[in-house]
1. When the residues of the stretch 84-101 are narrowed to those that are touching a helix residue (DSSP H, G or I) at 6+ places or on another chain (Cβ under 7 Å) and not in a helix (DSSP H, G or I), which ends up farthest from Ala64 (Cα to Cα)?
2. Given (1) among the small types (Gly, Ala, Ser); (2) part of a helix (DSSP H, G or I); (3) surrounded by 15 or more Cβ atoms within 10 Å (Cβ to Cβ), where does Gly109 come up short, assuming only one miss?
3. Would you say Gln121 is modelled with pLDDT of 90 or more, surrounded by 15 or more Cβ atoms within 10 Å (Cβ to Cβ), in a helix (DSSP H, G or I) and in contact with an Asp or Glu (Cβ under 6 Å, 6 or more places away or on another chain)?
4. Taking the stretch 63-90, which residues are surrounded by 20 or more Cβ atoms within 10 Å (Cβ to Cβ) and either without any contact (Cβ under 8 Å) to a residue 12 or more places away in the chain or closer than 13 Å to Arg124 by Cα (or both)?
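The values are calculated or read from the model by the stated rules, or taken from the named source; none is laboratory data. Predicted, not measured: the structure shown is a model, and the values here were computed from it. A quick note on method: Cβ atoms are made from the backbone with ideal geometry, for glycine too, and the neighbour counts reach across all protein chains shown.
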Amino acid sequence: MKQVYSSKKIGGYLLAFFLLFGIVTVASSSAQAQWQRDRRDDRYERRDDRYDRNRNRNYGYENARQQGYSYGLNVGSADAQRGQSYNPQRSKYWRNATEGYNSSYGNKGQYKQVFRDAFEQGYREGFQRYGGNRGRNRGGIFNRFPW
């Protein structure tokens, strides 16, 4: 009887040992796999960060084009309606060229260049839209444009 009890006791210890050994092994391999996934995720996150920065820059330049064109169109139209001469550089918006700028867009100098180019295009179109008609009505003096 004592021998049966002893063998059951030893069997119980062996079962507990192997169960504990299995749990430790699985936990260890799971932690290793998690560490590898974390490293891989970090690489993807860094890649995503670079993508986001590039996307922000592209969005920033598109924003600069839209902002510059819109401001230029409005200022050019207003100048023509007031009978002023063609001069987009007179505007504070052209001089500053930072309307709508955000540091996440990247290089401020490049943003300004894109803004100014778009501003001049919008200014030209706004000035032509209102300046041509107004000039003809004022005795045929409508050749005020530098183009």
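1. Tyr86
2. Just one mismatch for Gly109, condition (3).
3. no
4. Across the stretch 63-90, the qualifying residues are Gly68, Tyr69, Tyr71, Gly72, Leu73, Val75, Gly76, Asp79, Ala80, Pro88.
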